[in-house]
1. Scan (i) 26.3, 92; (ii) 35.4, 136; (iii) 24.6, 105 for the value of Rg and Dmax of the Cα atoms in Å calculated from this model and give just the label.
2. Using only the heavy atoms of the protein chains and a 1.4 Å probe, how would GLU58, GLU283 rank by accessible area, largest first?
3. Report the one residue of ALA372, LEU278, ASN46 whose Cα lies farthest in the direction of the positive end of the charge dipole of the chain (charges on C-beta: Lys and Arg +1, Asp and Glu -1; origin at the Cα centre).
4. Determine how large the accessible area of ARG232 is when every protein chain is in place; take a 1.4 Å probe and give Å² rounded to the nearest 10.
5. Can you give the accessible area of ASP285, probe radius 1.4 Å, in Å² rounded to 10?
6. Rounded to the nearest percent, how much of the accessible area of the chain (1.4 Å probe, protein heavy atoms only) is carbon and sulfur?
7. Can you give the calculated 222 nm mean residue ellipticity of the chain, where each DSSP H run of n ≥ 4 adds -39,500 (n - 2.57) and the sum is split over every residue, rounded to the nearest 500 deg cm²/dmol?
8. Tell me, in nm to one decimal, what length is gained between LYS263 and ARG68 on full extension, where the rule is 0.36 nm per residue of separation less the Cα-Cα distance?
Amino acid sequence: MKRLHVDNYAPKYYSGKWSWDNEKDCLHFQSHNDLENARERFIMTNGFKFLRTMDQEEELIFRQDYVRSPGTYDGDSVVLDDIRDLVLYLMPPDFLSYKFIKFMHSVEMLNLMHSIIIYFEYFLRMVEFVLIRRDEIKGKMAQIQSAQTTEMKQNYSMYLSQYRMLVARNYCEIIKGEGDMSEFYHMKAVSNISATIHDKTFHEQVLAVIIQVTWICMHRRAYFIIEMEVNRLFRSEYFVFTKPEYLIFSIAEQSLLYGKNKKNYNYRAQVSPLIQELVLVAEEDMPILWIGVRKYRGTDIRIAELEMEYIVSGSQLRLVDVAHGILGHPKNLYNTILMLDWTTVRYSNFTEQYDPYHIIRRPYLEIPRIGAHKMRQMSQTLDHFYELKREYEPCEHQVICKWAKREIRIQFYRSGGLLTNIVSRCENELNKAQDVRSVDNIIARYFKIMEKIRKKDTADAGANPVVSPTQSQIMKSTRKKKTH
């Protein structure tokens, strides 16, 4: 990643700006810590104050202690873990609890954020389509809509509803409170008393982090649309704050964006739009609820496309020519806060013909075929053979504790703790005693890393077990070759 600040040394002076004081007739220095209400320093998300940028000292601390290790197999690409770690570093200190950090590193939460990013990739395209159509049907040169245009809009609305079903499926895995989510459930097991106040605060914090993750993943564009839609999905329209920056859609535009399952009741009986998507599921859409759990077998091309978008990891999206924000982009095109460095992009020689990361190519909506919905109704679903299981690297206890003590570590470095750069780090390594590891330890570490990356064929291992050579056998064979 590119550095946000050019110098990699710890700053000797506070970061801020100079202004002229007319009363004292002299220059006055204001540090960033005093600029609490400055627009360039903070951003308000659901009433919480997130950092918008970093000063030089905060960047050094983040890159030294909290950036994901480049030694992983996808360390050169931007993945969801990188965006989550950045948001965890920029979020307010009130969020820093062991329970919240552990929840954000859970598998269920990663699946939920992954499905939300896929949904907003197409929701923002639909909002742009709606705004363009709003201008086209007004004025003296207004365009008349045909029956084919109405059918196309119905297909677009149906596609958005399918993405919402994926979000709702993953959201229900969390609110059920089963398995690993039982410790985050609001009802106590014995007394059945709900921790209402704590759960309300926890829910607000989770929504704020989801908005920040989605906004950063979408190239930091359409912030107010993302904030409005996330609050609408997880609450309802009754409990969404009204802001002058929010767009106001007409009834026809709402039916296109929100789908046919969206219904308003009395606020006492109102449920969130995500739950409404799971109440009435069409028969041809039932396999969508199993995407990511078992391999789809059938003739529905639309479900096969949805499955491909969902199960392909973020670092390999360029192989299927799919764009999900900044996921899968090279890290050398971005700086520390994951903002695109256009100077590096210009020297990368991307064109309209060669653009695997959809940086030069603009996002677009594919026009569905006429009668696509009828073809889906006539599709055939076969019995499944394979179950899908994605392997995750579990978060260690030390990592969660390090995040929970974020403010303590920052204060330690600012009070005179050793904040090393690349020059001082090399000097310390040269001054230290050389760590000579044996060949057996190097080989053991190599096999341990390769076991995490390579696939495990359990079926063939049971039928024809293959005995891998031990480290001592490998060493003996190499020694025999040397003697001969």
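The values are calculated or read from the model by the stated rules, or taken from the named source; none is laboratory data. Note that this is a predicted model, so its numbers are computed, not measured. All Cβ positions, even for glycine, are placed from backbone atoms using ideal geometry, and neighbour counts span all protein chains on display. For the accessible areas, the whole protein counts, side chains as well, though only heavy atoms, and no ligand, DNA or RNA atoms are used. Shrake-Rupley method; radii C 1.70, N 1.55, O 1.52, S 1.80 Å.
1. (i)
2. Heavy-atom accessible area, descending, gives GLU283, GLU58.
3. With unit charges placed on the Cβ atoms, the residue in question is ALA372.
4. 10 Å²
5. 20 Å²
6. 55 percent
7. Theoretical 222 nm ellipticity from helices: -14000 deg cm²/dmol.
8. Computed gain between LYS263 and ARG68 is 65.9 nm.
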